[in-house]
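Colleague: Below is one structure. I have some questions about it.
The values are calculated or read from the model by the stated rules, or taken from the named source; none is laboratory data. Owing to the predicted nature of the structure, the values given are computational and were not obtained by experimental measurement. Cβ atoms come from the backbone with ideal geometry, glycine included; neighbour counts cover every protein chain shown. Side chains are part of the model used for accessible areas, which takes the heavy atoms of the whole protein and leaves out ligands, DNA and RNA. Shrake-Rupley method; radii C 1.70, N 1.55, O 1.52, S 1.80 Å.
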Amino acid sequence: MLKLSAINARIAGTPILRDVNLEIKPGSLVGLVGRNGAGKTTLMRTVMGLLKPDSGTIMIEGRDMTGLAPHFRALSKVGYMPEDRQLVPTLTVEENILIPAWANKLPEAESRLAWVYELMPEVEAFADRKALQLSGGQQKLVALARAMMSGSRLLLLDEPFEGVAPALSQRLVSVLHTLKDEGLSVLLSESDYSHSADLVTQVYTIERGAVSAPKHVRGKVA
């Protein structure tokens, strides 16, 4: 589903990612664990085409996406949930969720929205509210819902549990269990995998921009 080979990337001339190799098989949920500043967000932004790597290749379902613009990810059914949510505060929840469909003219937008609401009925309950009226945890749910609009094959979730109350963290875990059962591939970053230990089949560790070989979790087979 996703394969990174020898990815190097820098920001403002400073090397951040160093010869990163990472692979996600179809239908697997993989963790990316590292402390703040280790390079997790940079790695995800690079995969999404928001940062161009200096070298290496990004393959999504066997297609070389390295030099392609970000919108090609949405067309390839890849969704991204950034750590800071990046909702448009003056738009309603539903309008925020529909942004990827509008920007990329996704033909299945109506059915995708219905699927999102079926999976997360609490989001539908506040669909008409402005994003700025939501709590941080509610905004995380909306950011996940927005990523799911285009991400019907692969989801990249950057620190989805950060700053979220325990009850909403459990709700996020429940939603991710369902996505996993439905066969989506997911790359999920955390400072540790305390929240996702029962979800992930493999964990990559990133430190100073270098990614270690993956470890299986609790004897699961990826």
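Colleague: Within segment 156-189, work out how many residues are more than 19 Å from LEU4 (Cα to Cα) and not in a helix (DSSP H, G or I).
Modeller: 9
Colleague: Might you let me know whether segment 67-88 holds any residue that is hydroxyl-bearing (Ser, Thr, Tyr) and either part of a helix (DSSP H, G or I) or over 15 Å from the mean Cα position of the chain (by Cα) (or both)?
Modeller: no
Colleague: Looking at (1) aliphatic (A, V, I, L, M); (2) assigned to a helix (DSSP H, G or I); (3) at pLDDT 95 or above, find the lone condition where ALA6 falls short.
Modeller: With respect to (1) aliphatic (A, V, I, L, M); (2) assigned to a helix (DSSP H, G or I); (3) at pLDDT 95 or above, ALA6 is out only on (2).
Colleague: Taking segment 77-105, which residues are within 16 Å of MET44 (Cα to Cα) and crowded, with 16+ Cβ neighbours inside 10 Å?
Modeller: Scanning segment 77-105 gives LYS77, VAL78, GLY79, TYR80, MET81, PRO82, GLU83, ARG85.
Colleague: So if I check each of ILE24, ILE7, which one is touching a residue at least 40 places away in the same chain (Cβ under 8 Å), farther than 14 Å from LEU187 by Cα and out of contact with any Cys (no Cβ under 9 Å at 6 or more places or on another chain)?
Modeller: ILE7
Colleague: Among the residues of segment 56-76, is any closer than 16 Å to SER5 by Cα, open to solvent by less than 20 Å² (accessible area, probe 1.4 Å), in contact (Cβ under 8 Å) with a residue 40 or more places away in the chain and in contact with an Asp or Glu (Cβ under 8 Å, 6 or more places away or on another chain)?
Modeller: Within segment 56-76, one or more residues are closer than 16 Å to SER5 by Cα, open to solvent by less than 20 Å² (accessible area, probe 1.4 Å), in contact (Cβ under 8 Å) with a residue 40 or more places away in the chain and in contact with an Asp or Glu (Cβ under 8 Å, 6 or more places away or on another chain).
Colleague: Return a yes/no flag: does segment 204-211 have any residue that is crowded, with 18+ Cβ neighbours inside 10 Å and in contact with a His (Cβ under 7 Å, 6 or more places away or on another chain).
Modeller: No, that holds for no residue.
Colleague: Can you find a residue that is under 17 Å from LEU32 (Cα atoms), of a type outside the set (S, T, N, Q) and in contact with an Asp or Glu (Cβ under 7 Å, 6 or more places away or on another chain) anywhere in segment 127-150?
Modeller: Within segment 127-150 (the criterion being under 17 Å from LEU32 (Cα atoms), of a type outside the set (S, T, N, Q) and in contact with an Asp or Glu (Cβ under 7 Å, 6 or more places away or on another chain)), the answer is no, since none of the residues qualifies.
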